[in-house]
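In what follows, a single structure is set out as structure tokens and then discussed.
Throughout, read-outs are computed from the coordinates displayed, never taken from laboratory work. For clarity, every value in this text was computed on a predicted model and none was experimentally measured. We place every Cβ from the backbone using ideal geometry, glycine too, and count neighbours over all the protein chains shown.
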Amino acid sequence: MTLRALRGRWTTLVVRELFAGERTFGDLAAALPALSDKVLSDRLGQLVACGVVVRVREPGWPSRVRYSLTSRGHALRGVLDAMWVWGAAAT
């Protein structure tokens, strides 16, 4: 399940940005400028489908959508920290 949730390029970086708290699509796009809107949208959809991220649409015009980690998403911090430590040691 972990590999399914984190599959695909950029996914771990999207999760990393959400560790800092709730973000809008625009916030995430600005934080990851090399990531296309299509890929960001795909990754967020994937993370929502896996129960890692929750998507909340605020009422009003224009409507605003916010993304945040679920408790399941926050539990990935240890996994990602271990991956980053392992990767840093390999270089």
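3J(HN,Hα) along the range 5-13: 5, 9, 5, x, 5, 5, 4, 5, 6 Hz, from the Karplus curve 6.51 cos²θ - 1.76 cosθ + 1.60 with θ = phi - 60°, whole Hz, x for Gly and Pro.
Rounded if a/c is under 1.5, else prolate if a/b beats b/c, else oblate: with a ≥ b ≥ c from the C-alpha gyration tensor eigenvalues square-rooted, which is the range 1-45?
Because a/c hits 1.5 or more and a/b fails to exceed b/c, the range 1-45 counts as oblate.
Could you pull out which residues in the range 42-61 have an amide N less than 16 Å from a spot 7 Å beyond the Cα of ARG7, following the Cα-Cβ vector? Label zone hits: 42-52.
May I ask for the net charge around GLU17, where only other residues with Cβ less than 10 Å from the Cβ of GLU17 are counted and Lys, Arg are +1 while Asp, Glu are -1? Neighbourhood net charge equals +1. Taking Lys and Arg as +1 and Asp and Glu as -1, the other residues whose beta-carbon sits under 13 Å from that of ARG7 total +2. Taking the C-alpha atoms only, the angle from helix 37-49 to the longest principal axis of the chain is near 80 degrees. A simple rule links phi to the HN-Hα coupling: the Karplus curve 6.51 cos²θ - 1.76 cosθ + 1.60 with θ = phi - 60°, which for the range 74-89 gives 5, 5, 6, 4, x, 5, 5, 4, 5, 5, 5, 5, 4, x, 5, 6 Hz, with x for Gly and Pro. Going through [x] 4.6; [y] 6.3; [z] 5.8, the figure that equals mean projected area of the Cα convex hull in nm² as computed for the structure here is [y].
Across the options ALA88, GLY51, SER36, the greatest Cα extent toward the positive end of the charge dipole of the chain (unit charges at beta carbon of Lys, Arg, Asp, Glu) belongs to GLY51. Distances between placed amide hydrogens fall under 5 Å for LEU32 paired with no residue 5 or more residues away or on another chain. Between the amide H of ARG64 and those of GLU58, distances stay under 5 Å, these residues lying 5 or more places away or on another chain, with hydrogens modeled in the peptide plane. Note that the range 28-35 has calculated 3J(HN,Hα) couplings of 5, 4, 5, 6, 10, x, 7, 8 Hz, one per residue in order, obtained from phi through the Karplus relation 6.51 cos²θ - 1.76 cosθ + 1.60 (θ = phi - 60°); glycine and proline are x.
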